[in-house]
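The block underneath contains the structure these notes are about, expressed in structure tokens.
The values are calculated or read from the model by the stated rules, or taken from the named source; none is laboratory data. What you see is a predicted model, and the numbers here were worked out from it, not measured in a lab. When we count neighbours, we look across all protein chains shown, and the Cβ atoms used for this are built from the backbone with ideal geometry, even at glycine. Just so you know, the surface numbers come from the protein's heavy atoms only, side chains and all, with ligands and any DNA or RNA stripped out. Shrake-Rupley method; radii C 1.70, N 1.55, O 1.52, S 1.80 Å.
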Amino acid sequence: MSEPASGGSGQDFSSTVGVRLVSQLRTGEEWTKAPCILGVDEAGRGPVLGPMVYACAFTSVSTDISSRGYADSKTLTHETREKLFKAIDADSGVGWVAHIMSAQFISGHMLGRDKTSLNALAFDATCAIIRRALESGANVKQVYVDTVGDADRHRDRLSRAFPGLDFTVCPKADSLYPIVSAASIVAKVIRDKSLTDSQKSLGLTGEVGTGYPGDSATTTWLKQHMHPLWGFPRLVRHSWETCSRMLEPPEGVGLKFEADEQGDDKDGGAAAAAGQQRLAFARPGGAGMLESSGLGRHTFFRMRKLQRIAEAF
């Protein structure tokens, strides 16, 4: 179930674990029974800090929203975006849904055993917000989607997921279609608010900047909040290369998992298929690798070739 919006941009949109679905659905409004259009856009795909937000906005096909000042959120000032979001949220003739994906959720799926790409996560989020709008009773017929990848492939996947809908997928849709512009504003305002709220809920201080790797304020904040072994707090996307580089020695403590070499066995790598791994720690300063022999130790540790932490440090 999605959480109802309350107070527009004044709502707490923090997201430090998992995902959140927040919405203003307009359930029961007569216009939702008429044919509707729906636009989809995202905010926060590239930052190393905070959540990624996918949002949709929807309204009746017969409603003209072209003169309301909706535009690509990146071209608007912070104040203008806030004002427009409040207007959208208060407008009973426009509904919206936002999928807030925490940094922890993104990293966990991209670095997990069954790795999931950011594109796959984005596709699932897009489906989730469209599905929520449909479940609310909105008679959506036409969907406009902004995309940064292969537009035709994305459209085909969405058409298979929702065979009853007509999809238009193209780059810069947030500049071409006002309903996508509205979704862009919703996504951006909630993304910015979620970053601030999440930082506060985690008790983290300091200026985070825009959250993008190229922002000096962001990289400074990352360095100030980095633990040499445990890495970063949950506000950070550990799967970003920016984090990997920062955690390399000598600033970080090297942690290396060495899988058995594949392809050495004539049977196609039986040792690799056994899934055994060796854990080794590198001391900052290049002291080299220390490994325990495993003699006299429990089978659990010997089978996994785990070494004693006391010996590593």
Q) Which condition does ARG153 not pass, out of (1) in a loop (DSSP other than H, G, I, E, B); (2) open to solvent by 50 Å² or more (accessible area, probe 1.4 Å), if it passes all the others? A) (1)
Q: With respect to THR32, determine if the residue is modelled with pLDDT under 95 and β-branched (Val, Ile, Thr).
A: no
**Q.** Conditions (1) outside the structural domain of SER102 (by the TED database); (2) among the acidic types (Asp, Glu); (3) open to solvent by less than 30 Å² (accessible area, probe 1.4 Å): number failed by GLU207
**A.** (3)
Q) For segment 106-137, how many residues are free of Cβ contacts under 8 Å to residues at least 40 places away in the same chain and in a helix (DSSP H, G or I)? A) 10
Q. Looking at segment 72-105, which of the residues that are part of a loop (DSSP other than H, G, I, E, B) and closer than 29 Å to VAL236 by Cβ is most open to solvent (accessible area, probe 1.4 Å)?
A. THR77
Q) For segment 10-33, what are the residues that are on the phi < 0 side of the Ramachandran plot, of a type in the set (D, E, K, R) and in contact (Cβ under 8 Å) with a residue 40 or more places away in the chain? A) ASP12, ARG20, GLU29, LYS33
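Conditions tested, residue by residue: (1) loosely packed, with under 14 Cβ neighbours inside 10 Å; (2) more than 19 Å from the chain's Cα centre (by Cα); (3) under 24 Å from LEU84 (Cα atoms).
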{"residue": "LEU121", "(1), (2), (3)": "no, no, no"}
{"residue": "ASP124", "(1), (2), (3)": "no, no, no"}
{"residue": "ARG160", "(1), (2), (3)": "yes, yes, no"}
{"residue": "ALA182", "(1), (2), (3)": "no, yes, yes"}
{"residue": "ILE190", "(1), (2), (3)": "no, no, yes"}
(Q) Of everything in segment 204-219, what is touching a residue at least 12 places away in the same chain (Cβ under 8 Å) and more than 14 Å from SER244 (Cα to Cα)? Give them in sequence order. (A) LEU204, GLY206, GLU207, VAL208, GLY209, THR210, GLY211, TYR212, THR218
Q | Among (1) surrounded by 15 or more Cβ atoms within 10 Å (Cβ to Cβ); (2) under 24 Å from THR16 (Cβ atoms); (3) of a type in the set (S, T, N, Q) - the single one SER117 does not satisfy | A | (1)
**Q.** SER201 vs. criteria among the small types (Gly, Ala, Ser), out of contact with any Leu (no Cβ under 8 Å at 6 or more places or on another chain), more than 29 Å from GLY95 (Cβ to Cβ) and open to solvent by 30 Å² or more (accessible area, probe 1.4 Å)
**A.** no
Q. So how many residues does segment 162-180 have that are farther than 20 Å from LEU134 by Cα and either loosely packed, with under 14 Cβ neighbours inside 10 Å or not assigned by the TED database to the domain that holds VAL94 (or both)?
A. 2
Q: Determine, yes or no, whether GLY39 is closer than 17 Å to ALA183 by Cα and in a strand (DSSP E or B).
A: yes
**Q.** Residues (in contact with a helix residue (DSSP H, G or I) (Cβ under 7 Å, 6 or more places away or on another chain) and of a type in the set (D, E, K, R)) located in segment 224-255
**A.** ARG234, ARG237
